[in-house]
Amino acid sequence: MNDDFLSNDPRGDVPQARTRRYRFSVVWLVPIVAILIAGYLGWRGLTERGPLIVISFDTADGLTSGQTEVKNKAVPLGTVDSIRLSDDLHHVEVAVRMTSSAARTLTDHARFWVVRPRINGASVTGLETVMSGAYIAMDAGEPGGHYTTHFKGLESPPGVRSDQPGHTYTLVTQSLGSLGQGAPIFFRDVVVGEVLGYTMPPEGRGPIKVQIFVQAPYDSYLRTTTRFWNVSGVQVGLGPGGLKVKLQSLQALLSGGVAFDPPDARNEKNTLPSTAGPDTTFLLYDSAEDANSAGYRERIPLVTYLTSSVSGLTKGGRLTMFGIQVGMIDDVKLEVNPATGKAHVRVAMELQPERVLDNQQVPPDAMAGLLRTQVADGLRASVQSTSMLTGESEIALTFVKNAKPEQITMEGDAMVLPGQAGGMAGIMDSLSVIGDKIAAMPLTQMGDNLTSLLAHADARINSPDTKQALTALRSSLQNLQVISRDARSEMPQLLTGMDKTLKNANSVLSSYGGDTDFQRNLQQMMQQLNDAARSLRFLSDFLTHHPSALITGR
């Protein structure tokens with residue numbers, strides 16, 4: 001059949017197949033580009049992929065696998081890869097895939113914590129996570145650490161970042177009060193740091209150590225003589241100006257606070273002390289008054305013994321003079337002599353002359369002699385009440401008039417001042433002395449004598465002799481009035497005659513002349529007559545205005 005077909009072909013030739021040449025299509029570029037991009041992304045992901053680290057937290061609250069990021073200064077450094085419970089079920093282990101750029105910061109100095117909304121005292125942090133969700137914050141820490149991939153996360157943000165300038169210091173106190181972590185540090189009402197935490201002493205005995213951080217440049221204000229005090233809570237007091245309420249700030253009210261004073265230049269050379277170095281330890285005082293009192297270097301120990309009530313007198317009370325504080329009370333102690341059974345109160349004090357005097361006015365070595373002189377002049381120590389509402393008392397140094405002679409004695413290094421009852425006790429003692437004197441008076445006998453005297457006087461007044469004497473006295477007064485009237489009428493004539501006599505005598509004296517004894521005697525007589533006339537004139541004027549003087553006298 002094939003042969004017939006071929007033989008019937010008029011041309012006798014075998015047909016040739018046609019071939020078409022295909023060109024490169026643009027469509028193939030799409031998968032090629034996709035493969036290249038995928039390869040680049042894979043290569044980039046492998047090159048930028050950092051190590052896998054594990055961070056342990058107490059809880060995974062707010063953390064989500066594949067979403068929660070690790071940030072430092074708002075820059076992403078990694079993403080949470082997985083979250084699981086630890087084998088002991090006490091905490092969670094969070095696996096985080098870090099970026100390659102963050103690998104160099106993974107040292108044992110690095111710290112991690114979860115940022116979530118927190119309320120600490122009066123401060124609120126982490127509010128930005130309300131909408132965006134929690135994230136893990138990282139602090140690389142100081143350089144020079146060892147590389148590691150396992151970390152223990154912090155449950156609260158650290159008080160100090162590694163990149164924050166400043167220094168840490170230690171405060172020593174017996175009680176914290178309301179002071180807690182995150183409490184602010186104040187310098188002239190400006191927040192310059194915060195409290196990092198505190199360390200309790202072994203077995204609970206001894207002072208508590210409080211770690212604080214002071215930011216730069218305020219850390220340069222700290223000197224070796226700087227004093228810190230607690231400003232926690234509200235201070236309420238009653239003074240001469242009335243009720244006083246002192247509040248450092250709302251934050252200090254809720255979370256406590258610490259304040260320190262400016263550099264102290266109170267020294268002999270009037271120069272600032274040296275700057276305090278890092279990790280210096282300072283004493284934390286309970287109040288600003290205690291811190292201020294600690295700055296007085298000149299202290300003279302004093303002691304006084306009292307046998308009256310010392311109610312309201314406590315350690316730390318005031319020692320005053322004329323109402324001005326000149327020292328503090330160190331101790332109040334009741335002492336009983338077993339041999340005699342007598343009791344008294346021993347009050348130990350510290351006199352601080354720098355409160356009112358400087359070294360130029362009274363040198364320190366002259367204070368003892370000054371006190372001895374003042375005691376000889378009547379200086380005594382007594383208890384005075386400062387507030388009737390609170391019952392607070394103080395020791396007052398007062399000068400007592402007509403005080404018994406006393407001298408200062410020594411008790412070790414302390415000078416013993418003579419004491420005297422003061423305040424209500426002193427008033428009661430004075431009233432008791434007055435009462436004893438009144439009780440010693442013979443009041444009954446005096447009353448009997450007074451009654452007898454009044455009875456005799458009444459009998460004498462009502463007697464006939466008294467009535468007769470009064471009648472005679474009335475007649476005498478009438479006669480004297482007549483005599484006085486006659487004397488006033490004749491007195492001008494008498495004075496006129498004396499004037500004429502004096503004039504005649506003067507004319508005779510001038511005619512006689514010469515400087516003889518007779519003349520001198522005559523002049524002396526004339527002077528006496530002149531004085532007598534003047535006296536009579538004065539007598540006449542006085543009787544004119546006061547005629548009763550003839551009876552009653554001047």
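Since every read-out is calculated from the coordinates, none of them should be taken as a lab result. Note that the structure is predicted; figures quoted are calculated from it, not measured. Positions of Cβ are generated from backbone atoms using ideal geometry, with glycine treated the same way; all protein chains shown enter the neighbour counts.
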Q: Can you pull the one-decimal nm distance between simple spin-label points at residue 116 and residue 358, each 7 Å off the Cα toward Cβ?
A: 6.1 nm
Q) Out of residues 5 or more away from residue 393 or on other chains, whose amide H comes under 5 Å of its own, with H placed 1.01 Å from N in the peptide plane? A) 313, 314, 386
(Q) Roughly how far apart, in whole Å, are the Cα centres of segment 274-328 and segment 131-146? (A) 47 Å
Q: Compute the length gained on full extension between residue 367 and residue 56: take 0.36 nm times their separation in residues and subtract their Cα-Cα distance, giving the result in nm to one decimal.
A: 105.3 nm
Q: Grab the other residues whose beta carbon is less than 15 angstrom from that of residue 367, score K and R as +1, D and E as -1, and report the net.
A: -2
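Using the Cβ atoms and a cut-off under 11 Å, what net charge is assigned to the surroundings of residue 109, where Lys and Arg are +1 and Asp and Glu are -1?
On the way: positive: 111; negative: 108, 139, 142.
Here the count lands on -2.
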Q: Work out the FRET efficiency for residue 83 and residue 178 from their Cβ-Cβ distance, taking R0 = 45 Å, and round it to the nearest 0.05.
A: 0.75
Q) Taking the Cα-to-Cβ direction at residue 296 and at residue 403 and moving 7 Å from each Cα, how far apart do the two end points lie in nm? A) 1.9 nm
Q) What is the distance, in nm, between label points placed 7 Å from the Cα along the Cα-to-Cβ direction at residue 468 and at residue 190? A) 10.8 nm
